[in-house]
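One structure below.
Only the coordinates and a few stated rules stand behind these numbers; no lab work does. None of the values given here were measured: they were computed from a predicted structure. Ideal geometry is used to build each Cβ from the backbone, glycine not excepted, and the neighbour counts take in all protein chains shown.
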Amino acid sequence: MSDQESSPRTTRCLIIGSGPAGYTAAVYAARALLNPILIAGLSPGGQLTITTDVENYPGFAETVQGPWLMQQMQAQAEAVGAKIVSDIVTAADLSARPFRIACDSGQVWLAETVIISTGAEAKWLGLPSEQTFRGFGVSACATCDGFFYRGRQVVVVGGGNTAVEEALFLTNFASKVTLVHRRDELRAERILQERLFANPKIEVVWDHSVDEVVGTAEPLGVTGVRLRHVRSGEIRDVACDGLFVAIGHAPASELFVGQLAMDEAGYLSVTPGTASTAIPGVYAAGDVTDDVYRQAVTAAGMGCMAALEAVRFLAEQDHAAQHRPLSHKEAEKIGVW
């Protein structure tokens, strides 16, 4: 790395995260001539890059592919003047403006405004056996790994939209999909539930939790899951070749612990009806602050809000700077003192 590359660089608007919220913020900030910098992060494109069929994003009569949609968003952001940087933010100091953002490459950015759109990450069950077989039969992404289970039996754990969508998607490959849910009803949207119950490849096991992932050591692989009834404690084994964990997501907000207010689950707090955090010039958008809707379209809307608020904030700062009284030194320098 050269000295020039490692020297701090400045920007009026720095966006952390490259999902729908981040790219939309970049579009709006670029159109306001802020020349925004977007740090793409560990998973460029966010969760939509591991989603195949997108049916509910406005503007498309036909189903589109998640990765394609994110490519279009990135292309639009770049076309209007945003700069996309392939890097990962490792530290953020929000104690004073300009905000100091450090990246994995060693690059440090000094930003007048920051838009946080880091999204959310898949939750895991927390079982030792789950960790043992992760990547060897245990997955949190059906669209990533479903192809490997052609003609096989799989288990999906969860009861929300993600779990039902994963189960339905897996029927394209697996011979049987067992959905395990710890309650006696699903939380997923009604239309998704109707599709689930109508699919002959899917069986639902109610009132059970996954107690253990069972498998072989050589070769490392899953052969089944051990389920426990949530009330009786009765144990039953279900044979399968893979387990897909779809129990929700956790916001990627670790960088901001102790600096920004967040709820018990880690979602960043913003002023209701805005994207503004408690720190002037710092904004949050998308799944990192939204534990209710968690949709691509709402994330994009919040990205727009964050960018417009950043534009307004900077305009106010510029106006104040232009009209503040001159200091003694400044007056002496221009000869009016």
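Worth pointing out:
- With the charge dipole of the chain set up from +1 on Lys and Arg Cβ and -1 on Asp and Glu Cβ about the Cα centre, the Cα lying farthest toward the positive end among the listed residues Ala77, Gly242, Val138 is that of Ala77.
- Dmax and Rg, reported as Rg then Dmax, of region 62-162 (C-alpha, Å): 19.3, 57
- Principal axis dimensions, region 108-160 - Cα atoms, whole angstrom, descending: 53, 26, 25
- Nearest-20 debye value, region 1-132 charge dipole, Cβ charges on Lys, Arg, Asp, Glu: 480 debye
- The charge dipole of region 179-221, taken about its Cα centre with unit charges on the Cβ of Lys, Arg, Asp and Glu (plus for the first two, minus for the last two), comes to roughly 260 debye.
- The share of alpha-carbon pairs in the chain lying farther apart than 36 Å comes to 32%.
- Choice from Gly126, Gly221, Gly146 with maximal GNM fluctuation in the chain (Cα, 10 Å cutoff): Gly126
- Global size of region 122-214 as Cα Rg and Dmax, reported in angstrom: 12.5, 35
- Across q = 0.10, 0.13, 0.15, 0.22 Å⁻¹, region 1-131 modelled as identical point scatterers on its alpha-carbon atoms has Debye log10 I(q)/I(0) values of -0.37, -0.60, -0.75, -1.25, in the order of the q list.
- Our summary gives region 143-215 a relative contact order of 33 percent, counting only alpha carbon pairs under 8 angstrom and 6 or more residues apart.
- Think of each Lys and Arg Cβ as +1 and each Asp and Glu Cβ as -1; about the Cα centre, that makes the dipole of the chain roughly 280 debye.
- The calculated FRET efficiency for the pair Ala278 and Asp93, based on their C-beta separation and a Förster distance of 22 Å, comes to about 0.90.
- Multiplying the residue separation of Trp68 and Ile235 by 0.36 nm and subtracting their alpha-carbon distance yields 55.8 nm.
- Normalised contact order of region 6-159, rounded percent, pairs of Cα under 8 Å and 6 or more residues apart: 28 percent
- Measuring nothing but how far apart in sequence close Cα pairs (under 8 Å, 6+ apart) lie, relative to its length, the chain scores a relative contact order of 19 percent.
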